[in-house]
Every structure is written in C-alpha cells, then in structure tokens.
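For reference, the structure is listed below as structure tokens.
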Amino acid sequence: MNDTNKPLRPEDYEEPRCLLCDREGADPGVRPVPQQRIIQKLDEYMSRRDYAGAERHLLYWLEEAQRGHDERGELVVRNELVGHYRKTGMREKALAQGEKALALLDALDFAGTVSAGTTYVNVATACSAFGENERALALFEQARAIYEAQPHTRLHLLGGLYNNMALVYKALGRYDEACALFDRAMAVMGEVPGGVLEQAITCLNIADTVAAERGLEEGEARINELLERAYALLRDPSAPHDGYYAFVCEKCAPSFSYYGWFAAAEELQTEARAIYERA
C-alpha cells in the first residue's frame, strides 16, 4: 500500500521495536531464529516499499520460530507483523497479531520488562490507528509505567511512547495532556542521535493539535511557527539521507501541503523520490 496523498498519520512512521536479543536463559531445546538478520532484511524490503515481500519474509520466519519453539523469536516477528499490517491498513490482521503478541508476554513471563513495554506500545499504536483509542491508552499507560521505572530504557523508546500516547490524547480531545507529552517527546528525542526526524514529526503533530483545538484561523501563527521548526529539522544536516529519511519526507509532505506550504511539500517529495530511485 503506497498512498502519499494523505496527511501524516501516527500509524505511518516507525515505532520502537521489540528486538529481545538477550538469549541468556534460553531453553537449550529451542532452535532460535536470527532476530537481527530478520530485522535487517525487513528494512531492505521496506526501503524499496516492497510490502508484499516484507509480509512473506515475516510470515516465513514466524513459521520457523514456531517450528523451533522459539517464543522469543516469535514475539519479535509478531511485533513486526503488527507494525506491518498497521502501516498497510489491514486492521483485523494487525489486531490479531497484537493479541497473540500480548499472550506471548505471559508465556515468556516478561511482565515488567522493557520488551513487554515495547510490545504494549506496538499494539497500542495499532489500536490507535484503527480508532480503538481507549484500548490504546490503557496499553500506553502500561508501557509508560514500565519505561519510566526502568533506568536503562533507551531514550528513543521513551520518545516514541510519549509521541504516540500524545496522539491518542489528541484523538480523545484531551489537548493539554497531548501537548504536555509532545513536549516531553521533543525533549527526549533531542538527546537521541539522529532524533531530528522524530522531532520534525512531533512538530507537525503539535500543529495538528493546535488546529484541532483552536481552529486554523486562531492557531495560524503557532501552526506556522511549528511548520518552520519542522522544516528546519527535516533539512538538518545531521539527518542521514537514507530510506527512512525518504519515508519521513514522503509522509510529512502532505502535512505541509495541507497548511499551504506547497513549495516545502514539493521539495520533500522530490527528495524522497531521488532517494528511492537510488535504492
């Protein structure tokens, strides 16, 4: 599915992943799947926008994980399938994979771990994408309790949580809570190398929140300020011009068009096309 004519949506950009790479304590009878190689190959498919290939790849490794009784690997693949089906608009498949991923947390006794928090975020983001905002908020709250309690939670995970949770608050009309979390996301991602792209996305999300709360006319000055900041972040030289950069540019461009920034939108679309053609 490749629809670049819609404004940026929360389900369009990457969320933290559940890699579960620590194999300590694994059952010696388990035949583990190569988690990092699976993710790397998935990134190759996504960089080419080969969504059918990505699905085949994930379903193959899901079957391999199940055959090898590798529940950790199965959790990794199911988390990726949740994201894949969410991005391609396949509601039933996304939510079904999410429920199976949540069930695996109990089987693995992962309660309270960062991996559990990441699974909650992935499933919550899917719920939000398909309008199940109350369910999403409950899952985000579970993830937040874990992430904020763990001193070694990686900052990009925390930033992703705040941004996606804020979008649910916005959808529920709880604008003050949404903006408070967007501000936290901006601060956290400012400490992450290469976090400028996520900051740009957050600026556009805040602009949408201002528009929803105040309207386009009353909020015009603040919206333009946020668009200026988002554009500057997207053009920041620290952002690597790779497939993910192209993906973000492609998905941010319609938001700029929506607010009348047509030249910026065209520039971002041109940049994305050039990167995809080189891939």
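The values are calculated or read from the model by the stated rules, or taken from the named source; none is laboratory data. It should be emphasised that the depicted structure is a prediction, and the values quoted were computed from it without experimental measurement. A quick note on method: Cβ atoms are made from the backbone with ideal geometry, for glycine too, and the neighbour counts reach across all protein chains shown.
Residues considered: 246, 239, 166, 200. Of these, the only one that is within 30 Å of residue 99 (Cβ to Cβ), small (Gly, Ala, Ser) and within 18 Å of the chain's Cα centre (by Cα) is 166. If residue 92 satisfies all but one of (1) crowded, with 21+ Cβ neighbours inside 10 Å; (2) over 16 Å from the mean Cα position of the chain (by Cα), what's the number of the condition it fails? Every listed condition holds for residue 92 apart from (1). Of the helices (runs of 4 or more DSSP H) lying entirely inside region 190-279, those containing at least 1 residues that are over 23 Å from residue 88 (Cβ atoms) and of a type in the set (D, E, K, R) are 196-214, 220-234, 262-278.
Restricting 48, 56, 67, 37 to residues that are within 19 Å of the chain's Cα centre (by Cα) and surrounded by fewer than 16 Cβ atoms within 10 Å (Cβ to Cβ) narrows the list to 48.
For region 53-129, the helices (runs of 4 or more DSSP H) that sit wholly inside it and include 1 or more residues that are within 23 Å of residue 37 (Cα to Cα) and modelled with pLDDT under 95 are 71-87, 114-129. Any residue at all in region 157-174 that is out of contact with any Asp or Glu (no Cβ under 6 Å at 6 or more places or on another chain), among the basic types (Lys, Arg) and touching a residue at least 24 places away in the same chain (Cβ under 8 Å)? Within region 157-174, one or more residues are out of contact with any Asp or Glu (no Cβ under 6 Å at 6 or more places or on another chain), among the basic types (Lys, Arg) and touching a residue at least 24 places away in the same chain (Cβ under 8 Å).
Against the numbered list (1) in the same structural domain as residue 115 (by TED's automatic domain parsing); (2) within 25 Å of residue 249 (Cα to Cα), residue 228 comes up short only at (1). When you check residue 134 against the structure, is it outside the structural domain of residue 200 (by TED's automatic domain parsing), in a helix (DSSP H, G or I), surrounded by fewer than 18 Cβ atoms within 10 Å (Cβ to Cβ) and of a type outside the set (Gly, Ala, Ser), yes or no? It is true that residue 134 is outside the structural domain of residue 200 (by TED's automatic domain parsing), in a helix (DSSP H, G or I), surrounded by fewer than 18 Cβ atoms within 10 Å (Cβ to Cβ) and of a type outside the set (Gly, Ala, Ser). Output yes when any residue across region 248-266 is surrounded by fewer than 22 Cβ atoms within 10 Å (Cβ to Cβ), touching a Gly at 6+ places or on another chain (Cβ under 7 Å) and either under 23 Å from residue 46 (Cα atoms) or hydroxyl-bearing (Ser, Thr, Tyr) (or both), and no when none is. No, there is no match, as no residue in region 248-266 is surrounded by fewer than 22 Cβ atoms within 10 Å (Cβ to Cβ), touching a Gly at 6+ places or on another chain (Cβ under 7 Å) and either under 23 Å from residue 46 (Cα atoms) or hydroxyl-bearing (Ser, Thr, Tyr) (or both).
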